[in-house]
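As structure tokens, the structure follows; a few thoughts come after it.
The values are calculated or read from the model by the stated rules, or taken from the named source; none is laboratory data. Small disclaimer: the values here were computed from a predicted structure and weren't measured. Using ideal geometry, Cβ is built from the backbone for each residue, glycine included, and neighbour counts are taken over all protein chains shown.
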Amino acid sequence: MRPARALIDLDALRHNYRLARELSGARALAVVKADAYGHGAVRCAQALEAEADGFAVACIEEALVLREAGIRAPILLLEGFFEADELALIEQHELWCVVHALWQIEAIERAHLHKPLQVWLKLDSGMHRVGLHPADYQAGYQRLLVSGKVSKIVLMSHFARADELDCARSEEQLAVFEHARQGLSAEVSLRNSPAVLGWPQAPSDWVRPGIMLYGATPFEQVQAEAARLKPVMTLQSKIISVRELPTGEPVGYGARFVSERPTRVGVVAMGYADGYPRHAPTGTPVIVDGQRTRLIGRVSMDMLTVDLTDLPQAGLGSQVQLWGEQVLASEVAACAETIPYQLFCNLRRVSLVYRG
């Protein structure tokens, strides 16, 4: 069998969830949207259910996968509902729902429900994707309150630049939120992963850890609390071929790498069809048999090539780590000019192997 696989450490996942709770002193919804950022939503939710305050997904389809797998904990729909007829399913499966637009409030007002909903009312405090305008926020809250269709309202917003620790934008958004919720008596949810780790001043009765659950830092620079995270995924494969090349020989598509000395080239069963970034350049770190070396040449669909010249013990069958504990996903992402979120979410075709 092809040796490409991703090891998922569920003990590390639980450690990271507990860290989010410790740092925030709040209840935490584990964000498992996008198949738990490529880590497998059902298995991750099962690993956390005994201690999680609830889960968050993007949409009702993702929530129903969890319900069908037997997950009974609260599940929040971060994008709310897209059509009014989804409210029947939301009620049936006892889902919590973000409301971010006036038409959604109107749909709830018109709905025939047997029991009231739990709603998270989203404010656009400056992200400018979704959320009620600050001028509409108080009225939206009151309409939900008097509709008789809602049992609880949590006030929420989302930071656009919390991963930039020296940026004033988060403070500006916080000021907008505080002004918009003035006089409203309700629980609050503001902090996502970077805000849990780096913005302790942001109030939150509920936090929404996402990328930090999976052990990757949201920051470009070193940050003390993020350094406590444990990587959950180890992406690995093996050397399936070795080539001995003289000086001046090209490797791979487009001759992006040409040997500057006699070079041992290891071919790894891993490519962009597995989710490894095609645009990762020569020099991107790779671990072979526990030792650091580098990617060379262009990543192809099913294979990539690494430099074995200074690793004489490495050869056919050697274990290769593409990211994990020894080379962090954030380091690979930086080399490829992307973010670890995308690395994880793009993972496909490789088998997921769970431990812990």
Which residue, of V98, V154, V130, V146, is in contact with an Asp or Glu (Cβ under 8 Å, 6 or more places away or on another chain), surrounded by fewer than 20 Cβ atoms within 10 Å (Cβ to Cβ) and outside any loop (DSSP other than H, G, I, E, B)?
V154
I'm trying to understand the selection: among the residues of region 253-283, which are out of contact with any helix residue (DSSP H, G or I) (no Cβ under 8 Å at 6 or more places or on another chain), among the aliphatic types (A, V, I, L, M) and either within 30 Å of H39 (Cα to Cα) or not in a strand (DSSP E or B) (or both)?
A255, V267, V268, A269, M270, A273
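For every residue, the table says whether it meets (1) touching a strand residue (DSSP E or B) at 6+ places or on another chain (Cβ under 9 Å); (2) acidic (D, E); (3) outside the structural domain of W206 (by TED's automatic domain parsing).
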site: P3; (1), (2), (3): yes, no, yes
site: R21; (1), (2), (3): yes, no, no
site: A36; (1), (2), (3): yes, no, no
site: H39; (1), (2), (3): yes, no, no
site: R43; (1), (2), (3): yes, no, no
site: E49; (1), (2), (3): yes, yes, no
site: D53; (1), (2), (3): yes, yes, no
site: A69; (1), (2), (3): no, no, no
site: L78; (1), (2), (3): yes, no, no
Can you list residue pairs whose Cβ atoms sit under 7 Å apart, with the first residue in region 317-334 being on the phi > 0 side of the Ramachandran plot and the second being in a loop (DSSP other than H, G, I, E, B)? Count only pairs 6 or more apart in sequence or on different chains.
G324/P231
Every residue from region 329-347 that is within 15 Å of the chain's Cα centre (by Cα) and either of a type in the set (V, I, T) or part of a loop (DSSP other than H, G, I, E, B) (or both)
T338, I339, N346, L347
Taking the condition touching a residue at least 24 places away in the same chain (Cβ under 8 Å) and in the same structural domain as L48 (by TED's automatic domain parsing), does Q223 pass?
no
Within region 292-318, take every residue that is touching a helix residue (DSSP H, G or I) at 6+ places or on another chain (Cβ under 7 Å) and either farther than 22 Å from S351 by Cα or of a type in the set (V, I, T) (or both) and give me the one that is surrounded by the fewest Cβ atoms within 10 Å (Cβ to Cβ).
R298
Restricting to region 68-85, and then to whatever is outside any loop (DSSP other than H, G, I, E, B) and within 25 Å of the chain's Cα centre (by Cα), can you tell me which residue is farthest from W120 (Cα to Cα)?
E68
Of all residues in region 101-127, how many are within 21 Å of E171 (Cβ to Cβ), of a type outside the set (S, T, Y) and in a loop (DSSP other than H, G, I, E, B)?
3
Taking only region 171-187 into account, find how many residues are closer than 25 Å to Y341 by Cβ and of a type outside the set (D, E).
3
Scan region 20-32 for residues that are in contact with a helix residue (DSSP H, G or I) (Cβ under 6 Å, 6 or more places away or on another chain) and not in a loop (DSSP other than H, G, I, E, B) and jot them down.
A20, L23, S24, A28, A30
If V207 satisfies all but one of (1) surrounded by 18 or more Cβ atoms within 10 Å (Cβ to Cβ); (2) in the same structural domain as R27 (by TED's automatic domain parsing); (3) without any contact (Cβ under 8 Å) to a residue 60 or more places away in the chain, what's the number of the condition it fails?
(3)
Which condition number does Q321 fail, the rest of (1) closer than 26 Å to G40 by Cβ; (2) assigned to a loop (DSSP other than H, G, I, E, B); (3) not hydroxyl-bearing (S, T, Y) being met?
(2)
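Here is a yes/no grid of residues against (1) buried (at least 16 other Cβ atoms within 10 Å of the Cβ); (2) touching a residue at least 12 places away in the same chain (Cβ under 8 Å); (3) in contact with an Asp or Glu (Cβ under 8 Å, 6 or more places away or on another chain); (4) of a type in the set (F, W, Y):
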position	(1), (2), (3), (4)
S241	no, yes, no, no
F257	yes, yes, no, yes
R261	no, yes, no, no
V265	yes, yes, yes, no
Y272	yes, yes, no, yes
T284	yes, yes, no, no
G290	no, yes, no, no
Exactly one of A56, A47, A63 is assigned to a strand (DSSP E or B) and crowded, with 16+ Cβ neighbours inside 10 Å, and that residue is A56
From E164, E172, residue being assigned by TED's automatic domain parsing to the domain that holds W120, assigned to a helix (DSSP H, G or I), of a type in the set (D, E, K, R) and in contact with a Ser or Thr (Cβ under 9 Å, 6 or more places away or on another chain):
E172
